[in-house]
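The values are calculated or read from the model by the stated rules, or taken from the named source; none is laboratory data. Keep in mind the model is a prediction, meaning the values are calculated, not measured. All Cβ positions, even for glycine, are placed from backbone atoms using ideal geometry, and neighbour counts span all protein chains on display. The accessibility values were calculated without ligands, DNA or RNA, using every heavy atom of the protein model including side chains. Shrake-Rupley method; radii C 1.70, N 1.55, O 1.52, S 1.80 Å.
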Amino acid sequence: MTEDSARLGACSAASVLIVAVLVAGNGLPGQGPPRFDSGRAWEHLRQLVAIGPRPAGSAAIEQSRKYIKDQLAAAGVTVAEQAWEDQTPLGKVHLVNLIATIPGDRKDLRDRIVVSGHYDTKLFRDIRFVGASDGGSSAAFLIELARALKGRRNPLTIELLFLDGEEAVVEWQGTDHTYGSRHYVEAAKRDGSLRTLRANVLVDMIGDRDLRIKRDSNSTPWLTDLIWEAAKRQKLDTTFVADTTRIEDDHLPFLAAGVPSVDIIDLEYEPWHTAKDTLEAVSARSLQVVGDVILAALPQIEARVSR
Ligand SMILES: [Zn+2]
């Protein structure tokens, strides 16, 4: 090969690359699919952690609710409060789920995919627990995902569900946990909106610097497959690993009600439920990985539930 033909070869390789980028981006540069911006998510995480411990029923969680609602409003996303009183081992607690809705193209807007996560932090009296990964990461992630999805053409309505009261008030046993998800599912059963809920993608503790997410055997297999296949396509299968674990979390009430659900969680986190679950233990990169994978899996999830 002469120098000239080599240059020509390099040239056409470059144009093939450009075409491939355009096809993958589904349009012209700047009009591609939405991007999850972990810089923005990190700022939300920083703000939430700065509020301090945010257990259910506290003044601090009210403050974090205000922050979440203000951020969603700034992104042009509608948010509703679902408030109730629940009986806990420490008496009655005021709880509030936040339901953000991004209407889809379908005529029936109730047909929806939910992406959920908890925003409360576990109550500790002996330590200052700010829950950077446990409670903070999921809430910060959902705020940024709402902004990203608002700029996307969504075939189905997407609901970002900020759950309160995931944590046990005292100890994870009986009904002392997952207050928000249980309440949401019961209310959706009563008002008939549960049967239009096609899938639920739950995120929890996704901030870990050394993020490693195992498949959860309680989760719906096909939904888990779609997420893990998307991770593989994105070459992020070093984070979404093939190992399996079994997790009890906010997805269980949905599964019990027949809603396909998957839990994306890294529970092997050394600072879990300690004073060390702070900004130093988490990273923006981890939030980016989960954002990239969920956005990459979404078209497949939408196609599957629309069948
Ligand atoms: Zn926890």
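Table: residues versus (1) within 16 Å of the ligand (Cβ to nearest atom); (2) more than 23 Å from ARG304 (Cα to Cα); (3) in contact with a Phe, Trp or Tyr (Cβ under 9 Å, 6 or more places away or on another chain).
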site: LYS235; (1), (2), (3): no, no, no
site: THR239; (1), (2), (3): no, yes, no
site: ASP243; (1), (2), (3): no, yes, no
site: ASP249; (1), (2), (3): yes, yes, no
site: ALA256; (1), (2), (3): no, no, no
site: VAL262; (1), (2), (3): no, no, no
From the option list LYS276, LYS235, single residue qualifying as in a loop (DSSP other than H, G, I, E, B), surrounded by fewer than 22 Cβ atoms within 10 Å (Cβ to Cβ) and on the phi > 0 side of the Ramachandran plot is LYS235
Identify all residues within region 113-170 that are within 16 Å of the ligand (Cβ to nearest atom), without any contact (Cβ under 8 Å) to a residue 60 or more places away in the chain and open to solvent by 10 Å² or more (accessible area, probe 1.4 Å); write none if there are none. ARG125, ASP126
State the number of residues belonging to region 66-112 that are open to solvent by 60 Å² or more (accessible area, probe 1.4 Å) and of a type in the set (Asp, Glu). 4
